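Shown next, in structure tokens, is the structure this report addresses.
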Amino acid sequence: MKQWFIKLWAKDETATAAGNGRVAADGTRCVQCGVCGYNCPMGIPVRDYARQGLTVSDDRCISCGQCIEVCPRGTLRWES
Amino acid sequence: MIMTTTSYLIIGNGAAGATAAETIRQRDGQGGITIVTAEAYPMYSRPGLAYVATGEIPPHQVIARTPEWYDRQRIERLQAEAARLDVRARRVGLADGRSLSYDRLLIATGARAVPPPYDGGELDGVVYLDTLDGTRHLLRKARRARRAVVIGGGITALEMAEGLARQGVETHYFVRGSSLWSKVFNEAESAILEEKLSQHGVIVHYRTEVSEILGNWRGKVRAVRLKDGTEFKCDLFGVAIGVKPHLGWLQGSPLQMDRAILVDDYLQTNVPGVYAAGDCAQVLDRWTGQYMLDVLWPSAVAEGRAAGVNMANGRVPYQKGIPFNVCLLFGLHITAIGQVNPHRDAADEAEEFQAISRGSSEVWFTFPRHYSSAWAAKGPNTLRLVLDGNKVVGALIVGEQSTADALRDLIEYEADVSGLKPFLRADSDRLKCEILKFWKSGEWRERPPIVISRSF
């Protein structure tokens, strides 16, 4: 129920997950600022994946796209 | 049989130092790793301080490693200030009198903000956006401040102005020249950015230079005196006039230095066993053929990683990438890659000395041999290419960012873009479409980037 609610709350542009719904990262853009994880409604430490250029593989991820939306450096995107 | 372990000593706990330590641990499970840091915090994101200043994230959120991470990695973290280097004894002397020995040493002490070159810099109300403590102090001061003046050309000054405006302080940005950061932005790009500053309530004053910071009887900032002799009232003075590599403590050491510590393609200095990485290191830049300073977070991470590999018995030349930065300023995305100076040569630009700003590279300000440029704009979305003959050597992208990855690759690979030349005067949509088509065709990949290793 809570997850459904959170998906409604996420911004329109990224509320619809693209690709396979997983969040990929370009590690060379990441400055480890932590804005991503701060905005994650599920409390996932997205920075730990982003800085290493890894796709977020945490089971809690609901593909809301908040982290992609808020990243100031264009590090995160939907995995295609 | 006695197993000897290597002792690794790293001075500096920023992007380069922490990454080097992590890399060493991956390669050497036994060696002792010690990081010496002057700050009380675990490694934190310095670029993230901009988002602390705007209030988007709380200060603690920029801390990128936990104390538990250091424990798990078996990295000892020591809070102290390095004061002396004795390469013969292989020891680093600390300011508190202790000294530490090493088998392999990494100097990753970074850079520090330059204070104003005139009186008043020690007054209460002078703030910086350079360290976590300094940013916390800025936020505390901003809560009670009514009017701020910000000085400096470069990303940090703009971030500070944005942060203070968002904190509700009436913010005035004093610019010495007649446009914003003229070494990087052309007039049109500067105008777009200035419009954004105005929309966010920042008042820009061109050709305005401070000559002194004035304080009241309580030692607090009350105004600044300008070069024309007039006074401008303010109670907060934000300084972002660049940074200088922190090298003072290495005076008298045999390390070869220029604007920073010179290192070879293995990040080693002229002293065997001593390495340098990050904002205090000058690395050979293959595009300009010179030893250049990048004050860029991704460069520091990559250099730290390369230093870590080579310190832990690797022998892998560092593949320096093309210096690039993408930032979000006043809601505008800006990407700068490679040689982006909008001037044709040094004679063409007005003399404007300032120490290098964080978030930039010396390479950005240089000039290609056979300069030409292309420009396309659609509203606030602009694209400027700098070419050297048939190669794109620089790109400055404002707003819409669809071509950023493509241009980074084409510049990195020194791709022959003769196929794009017919479209360089096309409209913005057409030019971007052709760039993406050219990039996706992959023909430019046939020639891999040239790598020549050099060691001291």
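The values are calculated or read from the model by the stated rules, or taken from the named source; none is laboratory data. Keep in mind that this is a model prediction, so the values were computed, not measured. These area figures cover heavy atoms from the full protein model, side chains too; ligands, DNA and RNA do not enter into them. Shrake-Rupley method; radii C 1.70, N 1.55, O 1.52, S 1.80 Å.
Excluding ligands, DNA and RNA, what is the accessible area buried between chains B and A, summed over both sides, using a 1.4 Å probe, to the nearest 100 Å²?
Looking at B and A, the buried total is near 1800 Å².
Taking the DSSP beta bridges in the protein assembly as shown as the whole, what percent of them are antiparallel, to the nearest 5?
Percent antiparallel among DSSP bridges in the protein assembly as shown is about 60.
Name the residues whose placed amide hydrogens come within less than 5 Å of the amide hydrogen of B:Val127, ignoring near sequence neighbours (fewer than 5 apart) on the same chain.
Under 5 Å from the amide H of B:Val127 lie the amide H atoms of B:Phe237, B:Gly238, B:Val239, each far enough along the sequence or on another chain.
Rounded, prolate or oblate: which fits the protein assembly as shown, taking a ≥ b ≥ c as square roots of the Cα gyration tensor eigenvalues, rounded meaning a/c under 1.5, else prolate when a/b beats b/c?
rounded
For every helix of n ≥ 4 consecutive DSSP H residues, a contribution of -39,500 (n - 2.57) applies; sum these over chain B, divide by its total residues, and give [θ] at 222 nm rounded to the nearest 500 deg cm²/dmol.
That calculation yields -6500 deg cm²/dmol at 222 nm.
Roughly to the nearest percent, how much of the accessible area of the range B:25-118 is carbon and sulfur, given a 1.4 Å probe?
Using a 1.4 Å probe with all protein chains present, the range B:25-118 comes out at 45 percent carbon and sulfur.
May I ask you to evaluate 6.51 cos²θ - 1.76 cosθ + 1.60, the Karplus curve with θ = phi - 60°, for each residue of the range B:361-373 and list the ³J(HN,Hα) values in order in whole Hz, giving x for glycine and proline?
10, 4, 4, 4, 8, 7, 10, x, 5, 10, 5, 8, 9
May I ask for the percentage of alpha-carbon pairs in the range B:187-226 that lie more than 14 Å from each other?
Percent of Cα pairs beyond 14 Å in the range B:187-226: 63.
Can you tell me how the range A:18-80 classifies by the Cα gyration tensor, rounded, prolate or oblate, using a/c under 1.5 as the rounded cut?
rounded
Could you state the orientation-averaged shadow area of the convex hull built on the Cα atoms of the range B:325-396, in nm² to one decimal?
5.5
Whose amide H sits under 5 Å from the amide H of B:Leu106, counting only residues 5 or more places off or on another chain, with H placed in the peptide plane?
For B:Leu106, whose amide H was placed from the backbone, the distant partners under 5 Å are B:Leu9, B:Ile10, B:Ile11, B:Tyr275.
With a bin width of 10 angstrom, please list the P(r) values of the range B:81-161 as percents of all Cα-Cα pairs, from the 0 bin to the one holding the largest distance.
It works out to 14, 35, 21, 22, 9, 1, in whole percents.
Below 28 Å, Cα to Cα, which lysines can B:Lys196 reach? Residues fewer than 8 away in the same chain don't count.
A:Lys11, B:Lys141, B:Lys183, B:Lys227, B:Lys233, B:Lys378, B:Lys432
Evaluate the relative contact order of chain B (contact order divided by residue number), counting alpha-carbon pairs under 8 angstrom at least 6 apart; express in whole percent.
14
Suppose we keep just the alpha-carbon trace of chain B; what are its Rg and Dmax in angstrom?
Rg then Dmax for chain B, in Å: 22.9, 77.
With a 1.4 Å probe and every protein chain kept in, tell me what percent of the accessible surface of the range B:235-343 is carbon plus sulfur.
Here carbon and sulfur together make up 50 percent of the probe-accessible area.
Using the Kirkwood radius over Cα pairs, work out the Stokes-Einstein diffusion coefficient for the range B:299-456 at 25 °C and 0.890 mPa s, in µm²/s as a whole number.
Stokes-Einstein gives a translational diffusion coefficient of 144 µm²/s.
At a cut-off of 10 Å², which residues of the range B:23-59 become less accessible once all protein chains are present than in their chain alone, using a 1.4 Å probe?
B:Ser45, B:Pro47, B:Tyr51, B:Glu56, B:Ile57, B:Pro58
Let me make sure I get this right: for the range B:120-212, a, b and c are the square roots of the gyration tensor eigenvalues over alpha carbons, sorted descending. Under 1.5 in a/c it's rounded, otherwise prolate if a/b > b/c, else oblate. Which is it?
Prolate.
Have a look at the DSSP beta bridges in chain B and tell me what percent are antiparallel, nearest 5.
Once the DSSP bridges in chain B are tallied, antiparallel ones form about 60 percent.
What whole number of Å gives the distance from the Cα centroid of the range B:299-357 to the Cα centroid of the range A:35-80?
25
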